[in-house]
Amino acid sequence: MFGSSSSQPGDGWYEQGVSCGRLLGEAGYTVATGGYGGLMEAVSRGASEAGARVIGVTAPAAFPGRPGANRWVDEEIPAETLTERIHTMVAMSAAFVALDGSIGTLTELMVSWNVAYVDALWDRPLRPVVAVGERWRDLLPHLTGLLATDGSLVVWAPDVAEAVGEVARRVPPDA
């Protein structure tokens with residue numbers, strides 16, 4: 001799960017994050033986030049409240065002012081750098097969901113898309129990449145054309161229910 005660190009309890013995206021985590025947890029998935037606040041906290045909270053295992057991949061050296069993983073995280077995995085943090089999350093994940101966010105979330109979405117692109121080149125199993133919300137709706141086709149890449153590797157979903165549905169159609173829950 002990728003998403004903004006600035007979302008706060010009570011705002012629409014925070015509540016969507018809680019709902020997303022809850023839906024994933026109820027479906028039987030372990031959930032990994034960046035471990036800090038905002039949408040990472042919201043998703044972690046929803047998943048935890050649904051009884052799911054929550055992993056937070058943090059980057060203490062990159063964010064020295066942050067106190068560590070949010071209280072909903074069961075297991076914190078500290079990474080040395082932001083790049084290592086993204087690599088760790090991508091390596092451990094069976095699917096990628098990007099909620100609302102800014103440059104960090106865009107970076108995570110682009111890395112996930114690139115991994116899907118390379119996997120498709122080598123006929124490896126494709127892990128779903130889902131971008132949720134209006135922010136991504138127009139950007140994805142624009143990037144597909146601008147970068148001359150395969151836009152079918154990223155699915156746009158208008159809301160978290162559809163995003164979790166896409167993951168559930170393509171990835172079995174944890175055993």
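Throughout, read-outs are computed from the coordinates displayed, never taken from laboratory work. These numbers were taken from a predicted model, which means no experiment stands behind them. A quick note on method: Cβ atoms are made from the backbone with ideal geometry, for glycine too, and the neighbour counts reach across all protein chains shown.
In what sequence do L39, L153 fall when counting other Cβ within 10 Å, fewest first? Provide the component values of the computation, followed by the final result.
Details: L39 30, L153 19.
Going from sparsest to densest Cβ surroundings: L153, L39.
Provide V118, V160 in ascending order of the number of other Cβ atoms located within 10 Å of each residue's Cβ, fewest first.
The order, fewest Cβ neighbours first, is V118, V160.
Given the -39500 (n - 2.57) contribution per DSSP H run of 4+ residues, what per-residue ellipticity at 222 nm results for the chain, rounded to the nearest 500 deg cm²/dmol?
-15000 deg cm²/dmol
Taking Cα atoms, how many degrees apart are the long axis of helix 12-26 and the longest axis of the chain, rounded to 10 and kept between 0 and 90?
That works out to roughly 90 degrees.
Compute the whole-percent fraction of alpha carbon pairs in region 12-170 spaced more than 21 Å apart.
Counting every Cα pair in region 12-170, those more than 21 Å apart make up 43 percent.
What is the antiparallel percent of DSSP beta bridges lying wholly in the chain, to the nearest 5? Write down the numbers at each step before the final one.
Values: 0 of 14 bridges.
For the chain, the DSSP antiparallel bridge percentage is about 0.
Pairing the Cα long axis of helix 160-170 with the longest principal axis of the chain, what angle in degrees results, from 0 to 90 and rounded to the nearest 10?
The angle comes out near 60 degrees.
First check a/c for region 54-123, with a ≥ b ≥ c the square roots of the eigenvalues of its C-alpha gyration tensor; if it is under 1.5, answer rounded, and if not, answer prolate when a/b is larger than b/c or oblate otherwise.
Taking the square roots of the gyration eigenvalues as a ≥ b ≥ c, region 54-123 is prolate.
Among M40, M1, M110, what is the fewest-to-most ranking by other Cβ atoms within 10 Å?
M110, M1, M40
Can you give me the angle between helix 39-49 and the longest principal axis of the chain, using Cα atoms only, in degrees from 0 to 90, rounded to the nearest 10?
Once rounded, the angle reads 70 degrees.
When the chain is modelled as a GNM with alpha-carbon springs shorter than 10 Å, which of G65, G12, G34 fluctuates the most?
Greatest mean-square fluctuation among the candidates belongs to G65.
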